[in-house]
Each structure stands twice: as C-alpha cells, then as structure tokens.
Amino acid sequence: MTASVSRPLTATENIAKAAALLKAGALVGFPTETVYGLGADACNDAAVAQIFAAKGRPSDHPLIVHVADAEQALVFAEQVPEFARRLMQAFWPGPLSLILPRRAGVAAAAAGGQASVGLRCPSHPMAQALLRAAHAAGVAGVAAPSANRFGRVSPTTAAHVHSELGEALFVLDGGACEVGIESTIVDCTRGVPVLLRPGVLTPAALEAACGQRVLTKEELAQDTPRASGTLEAHYAPQAKLRLMDAKALQAALDLLGAEARHIAVYSRTLLRVKSSAIVVRRMPDDAGATAQQLFAALRGFDTQGVKLIWVEAVPARPEWDGVRDRLQRAAAS
Ligand code: TXA
Ligand code: MG
C-alpha cells in the first residue's frame, strides 16, 4: 500500500509519471543535451496535434521523432543507407538528427505528411531514461520539437520551457543543456548526405564518420523538404539583433551618448562603452561554450528589457557554423 504523501517525486517517479503521461496522449517537456523538447507519442495523431497547437506551429512542419537507440529507429525508417548507418554509429546517442525515408503508415502526423521522418537519439541521461520507460509502456517513439513557441528562441532550462508554454505543462528538469543549440540535421533521403541544419558537429567530423562528402543545401539544387528550423527568420529574441565585426561594433558604440540605454553588447573583443546602462556580456572564445550559453544569453537580454542586441560576428571557422547560423537567423527577423 502506498500512502499518499505530499513530498516531491523522486527522479525515477518523475520519469515514470512522464512516460505514463506520454502513453495517455499528453504532452511532456523534457531535457536533451541540445535543447528542451516538447514531447508526445509519435504514433498518436491526436497527441501530436496538441504539439502543433501548443507551439503555434503550422501542422505541415515535420517534427523529429526521438528514440532510445538505432534499433528503435527502424520502426520508423523504411530503409537506412550505409552512410546514414555510419553516422548513427559515430554520433548516436548524441546531437545528430537524420532524415530517413518513412515507413508507410507510421507517424504520419508527426512527419507533417512528408514521405520522410526525422529521427534523433539523444544522449541526455534523463531523455534516455524517459524514452526507455515510454517504450516499455508502448510508446515506440517520442515526437518532439524544441519546447518554445513557434519562431522563438529554443529553451535550454526547464524554467525557460515553463515561461514559453505555461506552468501547467509537466516538465522533467534535467538542468541546463550541455550543447545549447539544436541538433545537426543530415538529410539521408537523397542518395548522398545533405546538411540541412548546422549544429555542433562540424562537416569534417560528419564526413570522417560517413566516409563521403556532405553536401550543403545550397549545393543541392533541388528544393528541400520544409524545415522551419531552416526558415530565414527563426530563433528570434524579442529585441532586434544586429551582427557586426568588432570594428563596426566599436564605431556604433562610439556614436552613442553616455545616457544610451536598452542596448546589449555580446562580444569576444573588449570594447569601450560610455554608458553604464548598456548591458555588456562577454562571448566565450570557444564555439562550444558560446553555443551552450547562446539562447540563455538572448533570453536574458530580453528579460532585461533590451531593445537592441549588438553581437560581434563569429570567426569564419567550421566549429562556429551552428552558432553563426542561429545568429544570422535571429538577425534576419
Ligand atoms: O536538438 C533538436 O533537434 C531538438 C531537440 C528537442 O531534440 N529538436 C528540434 O526540433 O530542434 P524542431 O522541431 O524545433 O526542429 C526540427 C527541425 C525542423 O526544422 C523540421 O522542419 C526538421 O527538423 N525536420 C523534421 N522532420 C523532417 C523531415 N522529415 N524532413 C525535413 N525536415 C525535417
Ligand atoms: Mg525549434
């Protein structure tokens, strides 16, 4: 007999509760190593519809289905080309999503009607525990976009998820995400690997693992499947974001008076700032460390009531591709 006591649930109890909610067709927020996800049973169309409603996301934008291992991915993927198999071996569990041909009749709503399906095997221990518990309860995979409202910055803490989607949502708290930007997406449906969304995995690392060149979207002349993460203006903070090199940034700062306010500066270079009301935050010199804090930093500027965010452009090196991509999108909106 279990007495009903009002104590906080243990980690194991929270996982069991989250798995039961998923099985019952409800939504659950959960941590991954990249960003927090808003999960639903990928094979329950009504549950998946709630994700689109909660996010305010058009229902033809496909969701990524999360699985605990490569074997579970085979429930959703019709076929896995050799280069995709190698990518799975090298990077799963980890921050890599693969687009694969979808098995007919499986997760159609989650895939937004595409003939393909996005699959991801996250490494976060809490995500792994959730996916295994859900699987044991009869949930073959968990469809989960980032747990933010459509077009906004992805959440990297449980508190961010609550502030995006409300306090009523059940969210597993796994702390701040280690990677901090969304997974690298490789389309494996075109006979050759195509990079749809840069993340923390460099093209060189992907190529070394799969033994062939990874094309960019631009190199692929055909139209790619809809990907809201690839829309120009996405990942936007409320404030207007501008990217400048250090020299242009300093010149812009020099034009401001001592009473300038509502401006944030996010730079690696130490700059002269006349007004003490300007919010200054140092960007790490390391691409991985910058990715980890980027979305929380943008959210923080919004919270401080900043209207303009001036960001120093990042180095033109491949390890910065993911961060550069998110900043360029934020600047485009
Ligand atoms: O790191 C991540 O990938 C996070 C965490 C929660 O796993 N998820 C995430 O999901 O970023 P979301 O929905 O915010 O972005 C997924 C991207 C979207 O741009 C979507 O259009 C694309 O993946 N995508 C999903 N399935 C696809 C498919 N079948 N074909 C083309 N693009 C697809
Ligand atoms: Mg997203």
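Coordinate-derived values only; no laboratory data. None of the values given here were measured: they were computed from a predicted structure. Glycine also receives a Cβ, built like all others from the backbone with ideal geometry; neighbour counts cover every protein chain displayed.
Some values worked out for this structure:
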{"quantity": "Neighbourhood charge, 13 Å Cβ-Cβ cut-off, centred on residue 159 and excluding it, Lys, Arg +1 and Asp, Glu -1", "calculated": "-2"}
{"quantity": "Helix 45-55 axis, angle to the chain major axis (alpha carbon atoms, nearest 10°)", "calculated": "10"}
{"quantity": "Cα-based shape type of the chain, given that a ≥ b ≥ c are square roots of the gyration tensor eigenvalues and the cut on a/c is 1.5", "calculated": "oblate"}
{"quantity": "Cleavage-rule hits (GluC sites (Glu not before Pro)) in region 17-82: DSSP loop, at most 14 neighbouring Cβ within 10 angstrom", "calculated": "none"}
{"quantity": "Neighbour-count order for 38, 253, fewest beta carbons within 10 angstrom listed first", "calculated": "253, 38"}
{"quantity": "Within-13-Å neighbourhood charge of residue 84 [Cβ basis; K, R +1; D, E -1]", "calculated": "+1"}
{"quantity": "With Cα atoms, 0 to 90° folded angle of helix 321-332 axis to the chain main axis", "calculated": "70"}
{"quantity": "Cross-link partners of residue 247 among lysines (Cα-Cα below 20 Å; sequence separation of 8 or more within a chain)", "calculated": "274"}
{"quantity": "Of 124, 61, 262, the one that fluctuates the most in a GNM where the chain has Cα springs shorter than 10 Å", "calculated": "262"}
{"quantity": "Degrees separating the helix 287-303 axis from the principal Cα axis of the chain, which is the longest one", "calculated": "80"}
{"quantity": "Residue-averaged [θ]222 nm for the chain, counting only DSSP H segments that reach four residues, each worth -39500 (n - 2.57)", "calculated": "-9500 deg cm²/dmol"}
{"quantity": "Contact order normalised by residue count of region 1-55, Cα under 8 Å, 6+ apart, percent", "calculated": "22"}
{"quantity": "Centre separation in Å (Cα based) which lies between region 268-333 and region 241-263", "calculated": "13"}
{"quantity": "Percentage relative contact order, the chain, counting C-alpha pairs under 8 Å, at least six apart", "calculated": "19"}
{"quantity": "Contact order relative to length of region 73-172, as percent, for alpha carbon pairs under 8 angstrom and 6 or more apart", "calculated": "20"}
{"quantity": "For region 1-52 versus region 109-166, the gap between their alpha-carbon centres in whole angstrom", "calculated": "10"}
{"quantity": "Calculated FRET efficiency for the pair residue 137/residue 69, C-beta based, R₀ 25 Å, to 0.05", "calculated": "0.90"}
{"quantity": "Local electrostatic count at residue 72 - Lys and Arg +1, Asp and Glu -1, tallied over other residues with Cβ under 14 Å", "calculated": "0"}
{"quantity": "Those residues of region 317-333 whose amide nitrogen sits under 18 Å from the label point placed on residue 286, 7 Å along Cα→Cβ", "calculated": "317-324"}
{"quantity": "Order of 235, 36, 266 under a 10 Å beta carbon neighbour criterion, fewest first", "calculated": "266, 235, 36"}
{"quantity": "Estimated FRET transfer efficiency (residue 103, residue 317; beta-carbon r; R0 51 Å; 0.05)", "calculated": "0.85"}
{"quantity": "Residues 215, 241, sorted so that the one with the fewest Cβ neighbours within 10 Å comes first", "calculated": "215, 241"}
